[in-house]
């Protein structure tokens, strides 16, 4: 059985340090770049969204297939956790060929967090922005995929211009400038959004583990320590190339395994 940690069930928000200052900014899109498959990243997004929804409408944008949008809408409209989980049956949220960490138990807890907030009367929605319904052509490289992803992500802002968009994606897609070492990536998805409206943060690597894929194998992998292990919260430290506006330090990661297709209590 899946155990959902429903700190998510309350309406008390516990966002990372520095969230108040972040939400006081005028930028309308907040991107967070993660290594997939941690418990901490989706939890932080849920708590930032909780705090933002106390002030204004919010759209939580996720790197999931855009074809999942009707299922996500049904999930957060469900009256209880069991009914919500039943809406996922047969979808790629439960049945994924490559378990790359995006559809983790941590993500499921985030979906429930949004569902509870919406049920309490908050103006909050989900938006899937992996461009599954837009083909780029077999002969075209990832730069076209990033362009398509940026377009689908931008729809979250264009459809709800009154809302704050809080997005979670792999850290490649969240960078706002090209990768010099990887020319086929071109301009990442976040770079296709208006610069004056977009902030992007990379989650700091402070040890622990994630559920991710390396080569053809997916599972629990140790994380590097490349940032001060004692740092916490939103830290404004713009990258020299402008790719990120700072880091989000959440401490050592906990690997979050894939959602299992079992009936939830």
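The numbers here are math on the coordinates, done by the rules we state, and not lab data. Because the structure is predicted, anything quoted here is derived from the model rather than measured. Neighbour counts are summed over all protein chains in view; Cβ atoms, including those assigned to glycine, are modelled from backbone coordinates with ideal geometry.
Odds and ends about this structure:
- Put the Cα centre of region 137-156 next to the Cα centre of region 210-265 and the gap is 24 Å.
- The helix-based estimate of mean residue ellipticity at 222 nm for the chain, built from -39,500 (n - 2.57) per DSSP H run of four or more residues and divided by its residue count, is -8000 deg cm²/dmol to the nearest 500.
- Residue 231-residue 260 FRET efficiency (beta carbon distance; Förster radius 35 Å; 0.05 resolution): 0.55
- Using a Förster distance of 51 Å, the FRET efficiency for residue 120-residue 142 (Cβ separation, nearest 0.05): 0.80
- Mean separation of Cα pairs under 8 Å and 6 or more residues apart, divided by the residue count, gives the chain a relative contact order of 30 percent.
- Estimated inter-spin distance, residue 134 and residue 95, nm [label 7 Å along Cα→Cβ]: 2.8 nm
- Of all DSSP-defined beta bridges confined to the chain, some 35% are antiparallel rather than parallel.
- Counting DSSP beta bridges with both ends in region 113-265, the antiparallel % (nearest 5): 75 percent
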